[in-house]
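The values are calculated or read from the model by the stated rules, or taken from the named source; none is laboratory data. The model shown is predicted, which means the values in this text are computed figures rather than measured ones. All Cβ positions, even for glycine, are placed from backbone atoms using ideal geometry, and neighbour counts span all protein chains on display.
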Amino acid sequence: VARNVGAEAASGEIVAYTDSDCVADPDWLTYLVAKMETSNLAACGGPNFPPPEDSLVPAAVAVSPGGPTHVLISDEIAEHIAGCNMAFRRDALLALGGFDPVYRAAGDDVDICWRFQDAGHTIGFSPAAIVWHFRRNTVGAYLKQQRGYGKAEALVYAKHPFRFNLFGQAKWLGRIYGDLSAALLLSRKPVIYSGVFGRGLFQTMYEPPSSLTALLPLTFEWSLAALLLAPAGVIVGGWFWLLTVPLLATWAMCVNGAMKAPIDSRFSGAKARALVALLIYLGPLLRGWERLKWRVKTMQAEDHVGLPAVEQRARIDWPARTFTLSYWNEFGGDKEALLAGLMDFLLPQKYFVVPDTGWSKWDLKISRGLWSRAFVTVCTENHGGPKRLLRVRCAMRMSSLARVLLRACAAITAAGLILGSPIVAMSFLLLGVVNLGVVGWQLATFRRLMHRIIEAVAQQAQLMPADPIGRVARPIGAPRTV
């Protein structure tokens, strides 16, 4: 809200932002504005660096991952600029409605950068426009900040779902420089093209694309599974000690990152590096937990007590896990109007709705909670003039997370039987059965609810059921569904 108030009150053509815990370089604005004017940019940002600290803990926190930073597509073009060092042309910022006030602690800079790019603007980067950004000076403050970032990521995810991966982490097109994750065990090293016999001019370093596999051991989901598997491996013994490998891999990555962290030489001892390793482990863990918790909250749909009664029975194809409804109209109503009505109804009710981008086999993807998904496809049959028959197919599917958990339970159950540990096998078999039961119950509930929602939206759009309950007479010319 404060950023928007500042933009409204500003009288200049460019508005620049920094934070209260930052100290801007004396020439900060000069370099930002010069870059925007010479390159005709709508937005521009610069780097932020932690200043030298005077004690061990702030020095360790300053080099730990998770701080605000920029994401560069090239040396001069950014995909993201940090909120503590950004500037916009005022008219372009106000034309997009300013910053979204839903982001109170973090996430507003990510959202506005993506909205600027979606609107066709280019975000520049000026490496000389520097601000000194003081990091958190205690471990508790750092972990609290990471929890806030996790909540912000969940809120941004609800608005920009295509820019996130399976674990709710942002998928950047550009590169984050100086991140400790670039020094982890499974990351590929950059390659320098030197030309034949080293005679290439302007020898360039090519960074490999970021890999989810390289960062997987630091995700919340991996750490949770590792913490559950490791004690089981120790208790059961035998070959089941291999169940401790996921946890050991995570700890090894943390230690490796801490050993390569650029800690101030005054504090660069075993104690500081041990603290950095601990923060590399705890930061993503708490951030992932908050991200998952708030994704559940933002995706939890409200109950629909006031929905009208259905006017036709759904034709259910149990093997395909789909149901179909058909609607007749004689005023030229097409599928786009029905799909728009569904989105207008679902979004305020906290459903997570993804429309087709042209590459999907469905028109809408609708999420309710963590376990269930609905894929809606609508086709239009033209029957001459303005007469239309709309056929709506809704496919019910379990989420990717549900499939991963079920497959993991099946794999561990099989491993337990093969390695001669019936206790482990039965435990994970029971866990898988319970999980499958919960998922099945949610899918059945969601199917009935989607039937009522589609019917309600169709009634509001004045579409008549093609095969109504009670066999009410259909309009002349309306086909009977088969």
| task | Take the residues in the stretch 411-435 that are surrounded by fewer than 16 Cβ atoms within 10 Å (Cβ to Cβ) and in contact with a helix residue (DSSP H, G or I) (Cβ under 6 Å, 6 or more places away or on another chain), then tell me which one is nearest to residue 361 (Cα to Cα). | result | 417
| Test for residue 97: is it under 23 Å from residue 161 (Cβ atoms) and surrounded by 16 or more Cβ atoms within 10 Å (Cβ to Cβ) | no
| message | Against the conditions (1) modelled with pLDDT of 90 or more; (2) basic (Lys, Arg); (3) in contact with a strand residue (DSSP E or B) (Cβ under 8 Å, 6 or more places away or on another chain), where does residue 452 fall short? Just the number, please. | response | (3)
| Do we have residue 444 as surrounded by fewer than 15 Cβ atoms within 10 Å (Cβ to Cβ) and at pLDDT 90 or above here? | yes
| request: Spot the failing condition for residue 399; the list is (1) over 25 Å from the mean Cα position of the chain (by Cα); (2) modelled with pLDDT under 90; (3) hydroxyl-bearing (Ser, Thr, Tyr), and only one is missed. | output: (1)
| query | How many residues are modelled with pLDDT of 80 or more and in contact with a strand residue (DSSP E or B) (Cβ under 8 Å, 6 or more places away or on another chain) when one looks only at the stretch 295-329? | reply | 16
| remark: Of the residues in the stretch 316-341, those that are more than 16 Å from residue 446 (Cα to Cα) and free of Cβ contacts under 8 Å to residues at least 12 places away in the same chain come to 319, 336, 340
| note | In the stretch 386-439, residues that are assigned to a strand (DSSP E or B) and among the β-branched types (Val, Ile, Thr) total 1
| Got at least one residue in the stretch 354-371 being over 27 Å from the mean Cα position of the chain (by Cα) and closer than 20 Å to residue 446 by Cβ? | no
| request: Give just the number: which of (1) of a type outside the set (A, V, I, L, M); (2) surrounded by fewer than 20 Cβ atoms within 10 Å (Cβ to Cβ); (3) in contact (Cβ under 8 Å) with a residue 40 or more places away in the chain does residue 126 not satisfy? | output: (2)
| request: Would you mind finding the one in 152, 105, 128 that is assigned to a helix (DSSP H, G or I) and out of contact with any Leu (no Cβ under 6 Å at 6 or more places or on another chain)? | output: 152
| query | Going by the conditions given, is residue 61 assigned by the TED database to the domain that holds residue 278, under 31 Å from the mean Cα position of the chain (by Cα) and surrounded by fewer than 19 Cβ atoms within 10 Å (Cβ to Cβ)? | reply | no
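Residue-wise test of (1) out of contact with any Ser or Thr (no Cβ under 8 Å at 6 or more places or on another chain); (2) among the hydrophobic types (A, V, I, L, M, F, W, C); (3) not assigned by the TED database to the domain that holds residue 15.
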site: 53; (1), (2), (3): yes, no, no
site: 77; (1), (2), (3): no, yes, no
site: 82; (1), (2), (3): no, yes, no
site: 90; (1), (2), (3): yes, no, no
site: 106; (1), (2), (3): yes, yes, no
site: 110; (1), (2), (3): yes, yes, no
site: 120; (1), (2), (3): yes, no, no
site: 133; (1), (2), (3): yes, no, no
site: 145; (1), (2), (3): yes, no, no
| message | I'd like to know if the stretch 342-351 contains one or more residues that are in contact (Cβ under 8 Å) with a residue 24 or more places away in the chain and more than 27 Å from the chain's Cα centre (by Cα). | response | no
